[in-house]
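The values are calculated or read from the model by the stated rules, or taken from the named source; none is laboratory data. Because the structure is predicted, anything quoted here is derived from the model rather than measured. Virtual Cβ from ideal backbone geometry, glycine too; neighbours counted across all protein chains shown. The accessibility values were calculated without ligands, DNA or RNA, using every heavy atom of the protein model including side chains. Shrake-Rupley method; radii C 1.70, N 1.55, O 1.52, S 1.80 Å.
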Amino acid sequence: MKTELNSMKWHILIIIIVCILIIPVVFAVSNSFKTLADAFSNMFNIIPANPTLENYIHVFEKLPFLQITINTFFIAAIVTGFKIITSLLAAYAFVYFHFRGKNLLYFVLISTMFIPFTVIMIPNYLTISCMGFRDNLWGVILPQLSDALGIFLLRQSMRTIPRSLIEAAYLENVSDFKIIKDIIIPLVKPALISTGIIFFINSWNEYVWPVLVLKSKENYTLSLALQMFISAEGGTEFTIAMAVSVMTMLIPLVLYIIFQKHIINTFTMSGIKG
Amino acid sequence: MKDIIFDHVLKAYGKNVVVKGLNLNICEGERLVLLGPSGCGKSTTLRMIAGLENITDGQLYMDGRIVNDIPSGKRNVSMVFQNYALFPHMTVEDNISYGLKVQKVDPREIEERSKAAISMLDLNGLEKRKPKELSGGQRQRVALARALVKRSDYFLLDEPLSNLDAQLRVHSRKELVKIHEMYHQTFVYVTHDQVEAMTVGHRIALMYDGILQTIDTPSNVYNRPANVYAARFIGAPSTNILEANLNEGKLIMAGQHIVPPEVWIQKMKENGGDMFYFGIRPEHTKITTDYMDNALKGIVRYTEDYGNKVGVYFDINGKELISVCDNNVPATGEKVYFTPDYSKIHLFDYKTENSIGYPEDLSKHNYGVVYELRGRLAGDRS
């Protein structure tokens, strides 16, 4: 009886937390299907009185929305892909190679996680400008090809793999790249997927750096498009902004649903046993 | 010649030297056991053969060539790891054949070799299972099969039985010997278990503190220990070791004395010096509560029952000795007389702790001689 009561308390707490987290999403979805007048009069009604697709149609008419989605996806995919590759290779080197200054290098690398973006924003902007990548998607991508967080997460995950597995492969004359492909990747897959998701969502939601680099609308990312409707430029068209918001979160949500098992696994995994 | 030669090999991690100038010849096709306590450098030695550890100094020869800088994969060695190192995401079949596939061996050959290993190690029906679905014994057999399919010239085993229960360990070590008898690779086996070492090895290399203490056949390591350490390490319960002073034909130990046979006195004189270490295995002693001449006297402190025998710990002027007996077990606190079998005693130089050697014919000098000696002693006294 006591245990049931205890567990109920936790359940109520979890339900409250989930509600707090989900209310803004429900609000956005609901208002994206309302007219502006309806939204102002019944803002907190979950079910729209007169559901309409007007806002979505408006977005597609007013903006090269497909292009913007492709831009965002392109940037997020390339950034995620590169970060995963560089993190995987660096983490492998940090775990399995012995070289002078390894710990110092790792320390320096991890310390970059604590440097605020605002500090490196201007040097990066100047570099990108000099390279001629202003108002270019590659300008957004180039400074983000590696990430200390990814190296840290994958290194932690690789450290749970018994070293003897790698040694067994060395004895079979397996190259390091093949070891990564055949042994490391399958064993750190959950960590790899969740790190990838984190990178993807971070890049997808990125605002400050793209707003600096990208100028023309056809190069915009979804965050910039969203900003058009909630700033002085777009003003009060907040139902349209909600429609853009819903479309912005659609792809990361689908990715999360597909990979949720792996993501949850990563955070509950205690280690790999041989 | 698929032999392995360590020539003054040294291995250090920073300032910590774990293998100190090792000289060791492992002959082609032999089963050599590297034995020693934890941290003695035996696994490091094995890993140097495998190429998994760099050699700090000295030369390692395999098949007649220096292999110090040759990577593991090019040394033609198979290894069974203590934790088996099976790839957890691969099936038994894939684990066994992975190395061959990487080497691009003909698929028919891979299948043939895998099947042979699977049936030899009784893994039929488990081919599609993953390691986590196997018992400890089955995992160990998969690790063996993986090492076997490679058909390499050198077979290295790093405490392969240590994760198995006692019964399975006995069975598996017989299997290992059988496998070696079939393929005759150069077989290097690391263990801290002396029974395993005695039963598996053609020769045992005993290591301690990074130094090779002795290398010999199991029988010699047991019966003719090269030094005090070897005498103490091999055998359970451990060999009794006492400081002994040779004085006018008597050996004074722990404040008492015995008179050893003349051949031993001669041997000690040949060695020179008057201080020695006297060693005798508990199973080569006799204790009795009845008075005995030429015996050490002690008080029983503790007994432990091994089932078939009883170990009797007794105290001689503060020195603890142990004797193993099967009947007439004295009680704790009783006074006992302790006599060694003089054909089985060991004497070591006090400074070097190395054996002073053995008289040529010891067969006559067992307990019987001791009793004959009584007459001589009685004569001496008169």
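Just to check your reading of the model, which residue among B:MET90, B:MET79 is crowded, with 19+ Cβ neighbours inside 10 Å, within 12 Å of chain A (Cβ to nearest Cβ) and outside any helix (DSSP H, G or I)?
Unique residue meeting the criteria: B:MET79.
Looking only at the stretch A:152-179, filter to residues that are part of a helix (DSSP H, G or I), open to solvent by less than 30 Å² (accessible area, probe 1.4 Å) and free of Cβ contacts under 8 Å to residues at least 12 places away in the same chain; which one of those is farthest from B:MET79 (Cα to Cα)?
Step by step, filter the stretch A:152-179, then rank; the result is A:GLU167.
Could you please let me know if A:ILE184 is at the interface with chain B (Cβ under 10 Å from one of its Cβ atoms), β-branched (Val, Ile, Thr) and open to solvent by less than 10 Å² (accessible area, probe 1.4 Å)?
no
Hey, could you check the stretch B:119-130 for residues that are touching a residue at least 24 places away in the same chain (Cβ under 8 Å) and under 31 Å from the mean Cα position of the chain (by Cα) and say which is farthest from B:MET90 (Cα to Cα)?
B:MET120
Out of B:ARG108, B:ARG113, report the one residue that is free of Cβ contacts under 8 Å to residues at least 12 places away in the same chain, surrounded by fewer than 21 Cβ atoms within 10 Å (Cβ to Cβ), out of contact with any Phe, Trp or Tyr (no Cβ under 7 Å at 6 or more places or on another chain) and basic (Lys, Arg).
Only one candidate passes the filter, namely B:ARG108.
Residue-wise test of (1) surrounded by 13 or more Cβ atoms within 10 Å (Cβ to Cβ); (2) part of a helix (DSSP H, G or I).
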{"residue": "A:LEU5", "(1), (2)": "no, yes"}
{"residue": "A:TRP10", "(1), (2)": "no, yes"}
{"residue": "A:LEU13", "(1), (2)": "no, yes"}
{"residue": "A:ILE16", "(1), (2)": "no, yes"}
{"residue": "A:ILE20", "(1), (2)": "no, yes"}
{"residue": "A:PRO24", "(1), (2)": "no, yes"}
{"residue": "A:ALA28", "(1), (2)": "yes, yes"}
{"residue": "A:PHE44", "(1), (2)": "no, no"}
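Among the residues of the stretch A:187-202 satisfying the criterion of being open to solvent by 10 Å² or more (accessible area, probe 1.4 Å) and more than 18 Å from A:TYR92 (Cα to Cα), which is farthest from the other protein chains (Cβ to nearest Cβ)?
Ranking the qualifying residues of the stretch A:187-202, first place goes to A:ASN202.
Tell me which of these A:GLN144 doesn't satisfy, since it passes every other one: (1) within 21 Å of A:THR195 (Cβ to Cβ); (2) open to solvent by 70 Å² or more (accessible area, probe 1.4 Å).
(2)
Can you tell me how many residues within the stretch A:71-113 are within 28 Å of A:PRO210 (Cβ to Cβ) and surrounded by 19 or more Cβ atoms within 10 Å (Cβ to Cβ)?
12
Yes or no: A:VAL59 over 20 Å from the mean Cα position of the chain (by Cα), open to solvent by less than 10 Å² (accessible area, probe 1.4 Å) and aliphatic (A, V, I, L, M)?
Spelling it out, A:VAL59 is indeed over 20 Å from the mean Cα position of the chain (by Cα), open to solvent by less than 10 Å² (accessible area, probe 1.4 Å) and aliphatic (A, V, I, L, M).
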